[in-house]
Every structure is written in structure tokens, then in C-alpha cells.
Amino acid sequence: MPAATDILDISPVVPVVVLDDTTHAVPLAQALQRGGIHTIEVTLRTPVALEAIERITGEVEGISVGAGTITAPGQAKEAARAGASYLVTPGSTDRLLDEVADTGLPALPGISTVSEALRLAERGHRALKFFPAEPSGGVPYLKALASPLPDLSFCPTGGITPDNAGNYLALPNVRCVGGTWLAPRDALAKGDWGHVEALARQAVSLG
């Protein structure tokens, strides 16, 4: 199981995925792997997300499966039971952080302000999600954080595209970005796994 800081180094781009059909889970993960990406964040935004995590962890070797959009009581434990290897939250309340910590899984807790980052640092977190990245100040904001908070590393998510991902990855405190473009809904609906693989290869080249 990776440490929280290790999660940031698995891939320069972490696919952030919304799945509506569990039959897409395994071929999607396999296509990403063929393209050179060995992690996937399945967001808990649909009723089938936990089953999708179970399928990927049970049928695809060598991929770290994160559970994203952990927001509600009990979700962290449900994701752990489904086989998630790490957890991602969009924000960080004390109750949510406690529940995530109780699972024993590494986590990328979400922040969008300096105070939130400092509070998480006080709790021992060094790897954080910056969300929503673009609306919260984007590259200039994270660049400004590098000097006063040199021990923190970020995975910005929210508004990241192939066009701006490189600007984020060039920052010293950004070790990966989260992107939704790697699993476009039309490709999933058509079963166009070759397109997903091509997108993954392009994403790996950004790093």
C-alpha cells in the first residue's frame, strides 16, 4: 500500500473518473494501464462507484485505486471495504479527517486555502489535494504557497486540462494533477478503449 506522499508519484496525471456502468470499470482501468497510468480515482458520485472499485481491485493487477469525493459519514469505511488503496476528499472537516484516519488508508485531503493547508499540516499531512484548482487561484496561487509552505505537496484537481496541466506540473510543489479528460463519457459509452489508452499515453508525456 502506498504512503500518502507516494500516491503523488504514481503518475503525473491521476484520472478522476465518474462511472455510471460497472461494466466499464475493468476495461477502463486496463486501457489506462496500457497507456502507462497505474492509478485511478473513482469518485463516489454514482450508486455504482463502490462496486466499480471492487471490480477494479479484484480483476486488474498493478493499479492503485483511489476512492474520491469522500464527503459523507461512513463513506471512508465503505470505500476501504470495497478495496480502495487510498482516499481523496474535496474538503477537510475534523469529523471527515477522523473517519478517513480510522481506515488506516493513505489519503489526499482537500484544501483551497492557506489556513486549511496549515491545519492539515498540523495533523501530519504533507500530501494534499488542491480543489477546485482553477477557481481557487490556479497556478499563481500554488506558486505563492511554495515559499511559505515548502514541506507540502499538492495534487491540483478541478479545471485541469491537457492545455494547462503542464503549467501546474512545472511548479515545485505539484507532483501530479487530477484530470477528468482521461475517461470521457462518450468513449466509455462506445467502449472506445483505444481512445482512452491514447489519452493516457499523452498524459504520461506531460510529466
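Read-outs throughout are calculated quantities, based only on the coordinates presented, and are distinct from any laboratory measurement. Values in this document were obtained by computation on a predicted structure and should not be read as measured data. Counting neighbours? That spans all protein chains shown, and the Cβs are built from the backbone with ideal geometry, glycine included.
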Between the stretch 115-154 and the stretch 1-63, the alpha-carbon center distance in angstrom: 24 Å
Diffing the stretch 126-135: the Karplus 3J(HN,Hα) column from phi (6.51, -1.76, 1.60, θ = phi - 60°), in whole Hz with x for Gly and Pro, holds 10, 10, 10, 8, 10, 8, x, 4, 5, x
Matching label, Rg and Dmax of the Cα atoms in Å computed from the structure shown, candidates (1) 15.8, 47; (2) 15.5, 43; (3) 20.5, 72: (1)
Farthest positive-ward along the stretch 4-206 dipole, Cα basis, beta-carbon charges - from Ile37, Thr5, Pro135: Pro135
If amide hydrogens are placed 1.01 Å from N in the peptide plane, which non-local residues have theirs closer than 5 Å to the one on Cys155? Leu128, Lys129, Phe130
Straight distance only, please: which lysines reach the Cα of Lys143 with their own Cα at less than 18 Å, same-chain residues fewer than 8 apart left out? Lys129
What list of ³J(HN,Hα) values in whole Hz, one per residue of the stretch 85-96 in order, does the Karplus curve 6.51 cos²θ - 1.76 cosθ + 1.60 (θ = phi - 60°) give from phi, with Gly and Pro shown as x? 9, 7, 10, 10, 10, x, x, 9, 8, 4, 4, 5
Rounded to the nearest 20 debye, dipole of the stretch 91-207 from Cβ charges on Lys, Arg, Asp, Glu: 200 debye
With a 10 Å cut-off between alpha carbons and a GNM built on the chain, which of Thr161, Thr89, Thr69 moves the most? Thr161
Which cross-chain or sequence-distant (5 or more) residues have an amide H under 5 Å from the amide H of Val13, H modelled 1.01 Å from N in plane? Val177
Calculate the dipole size of the chain relative to its Cα centre from +1 charges on Lys and Arg beta carbons and -1 charges on Asp and Glu beta carbons; express the result in debye to the nearest 20. 300 debye
Each residue of the stretch 146-159 in order: what ³J(HN,Hα) in whole Hz does its phi give by Karplus 6.51 cos²θ - 1.76 cosθ + 1.60, θ = phi - 60°, with x for Gly and Pro? 4, 6, x, 10, x, 8, 9, 10, 10, 10, x, 9, x, x
Beta carbons within 10 angstrom, averaged per residue: use that to sort the peptides 80-87, 127-134, 189-196, 200-207, highest first. 127-134, 80-87, 200-207, 189-196
